[in-house]
1. Is there a residue in region 191-214 that is assigned to a loop (DSSP other than H, G, I, E, B), within 25 Å of Ala25 (Cα to Cα), at pLDDT 95 or above and not polar (S, T, N, Q)?
2. If I go through region 61-74 residue by residue, how many of them are closer than 28 Å to Leu163 by Cα and free of Cβ contacts under 8 Å to residues at least 24 places away in the same chain?
3. Restricting to region 15-37, give me the number of residues that are in contact with a helix residue (DSSP H, G or I) (Cβ under 7 Å, 6 or more places away or on another chain) and either β-branched (Val, Ile, Thr) or within 18 Å of Ser268 (Cα to Cα) (or both).
4. With under 26 Å from Leu137 (Cβ atoms), at pLDDT 95 or above, surrounded by 15 or more Cβ atoms within 10 Å (Cβ to Cβ) and not basic (Lys, Arg) as the only criterion, which of Ser222, Ser268 stands out?
5. Do you know which residues across region 150-183 are assigned to a helix (DSSP H, G or I), farther than 26 Å from Ile287 by Cα and of a type outside the set (S, T, N, Q)?
6. What number of residues within region 255-294 satisfy the criterion of being touching a strand residue (DSSP E or B) at 6+ places or on another chain (Cβ under 8 Å), within 20 Å of Pro3 (Cα to Cα) and either without any contact (Cβ under 8 Å) to a residue 60 or more places away in the chain or part of a helix (DSSP H, G or I) (or both)?
7. All but one of (1) surrounded by fewer than 24 Cβ atoms within 10 Å (Cβ to Cβ); (2) closer than 17 Å to Asn129 by Cβ; (3) modelled with pLDDT of 95 or more hold for Ala231; state the number of the condition that does not hold.
8. Looking at region 189-219 only, could you name the residues that are surrounded by 24 or more Cβ atoms within 10 Å (Cβ to Cβ) and either touching an Asp or Glu at 6+ places or on another chain (Cβ under 6 Å) or within 19 Å of Met285 (Cβ to Cβ) (or both)?
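The values are calculated or read from the model by the stated rules, or taken from the named source; none is laboratory data. As the structure is a computational prediction, the values presented were derived from the model and not from experiment. Using ideal geometry, Cβ is built from the backbone for each residue, glycine included, and neighbour counts are taken over all protein chains shown.
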Amino acid sequence: MLPIDLRGKRAFIAGVGDDKGFGWAIAKALADAGCEILVGTWTPMLRIFTTSFENGKFDESRKLRDGSLLQFTKVYPLDATFDTLADVPEDIRENKRYKDVGGYTISEVAESIRKDFGTIDIFIHSLANGPEVQKPLLETSRKGYLAAISSSSYSYVSLLQHLGPLMNKGGAALSLTYLASEKVIPGYGGGMSSAKAALESDTRVLAFEMAKRYGVRVNVISAGPFGSRAAKAIGFIEKMIEYTAKNSPLGRQIEAEEVAHTAAFLTSPLASGITGTVLHVDSGMSIMGASLDSPTLA
């Protein structure tokens, strides 16, 4: 047996806000492999998430393979659209969901992790947001486009800038992308396709720079459509899932656990020779050049 063994490792997962998305599934997979888990939760969701966690709302989905429950050593507030407190507009600072929560910018979270734990071994970027995602690209405003890039791709660059010095040599960073970075997905708008393309391009450059500077590997998983809370904001995620199930080589939708298991592998010593890679976990949908109902196949 060739096990994925992450005992003695510590991971920070940015973008866990409920028990439905890839971030949660990855947290479970890493914990199953023995890893200690820290998470960053979007600041406006922090109270709802921690209260639900403490009140047992997630207990069923917290179960690990050995029967124990997933534990988070610490939950940090995180708004990855801000690098420093000076970047936060006054209206957001005074917003009731931010005012009583300190240390939520990227630099502050990195400093808190340094003070609390010293180092980490694994960083997972499970963050994406496009306020105009339902708009075609031709109707997307500059503000909406740049917001998508800021939240969904530059946040990875900034987080690695600040977390890189804390990462142990031999560590790994991982983000999540989508097929719209490579091919046209009508309806996936607002600059989100551009943000995912930037994320993949940045992964290659970051893989080089992080390896040279810190000895850390950087990869990205291109996951198939999945009905997470964030994905439902797109507006037609169920149709995307159905299309994949009908037209992919495996003929089914993906499961969050499949992405999580791939993440555990890529961040483990078993993947020590892999960096700068976009790995598709999408039932094979990315290899298809025509749908199965195409007239060419009649």
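1. no
2. Residues meeting the conditions: 1.
3. So the count comes out to 9.
4. When all the criteria are applied, what remains is Ser222.
5. Passing the criteria: Tyr154, Tyr156, Val157, Leu159, Leu160, His162, Leu163, Gly164, Pro165, Leu166.
6. Residues meeting the conditions: 8.
7. (3)
8. Scanning region 189-219 gives Gly190, Met192, Lys196, Leu199.
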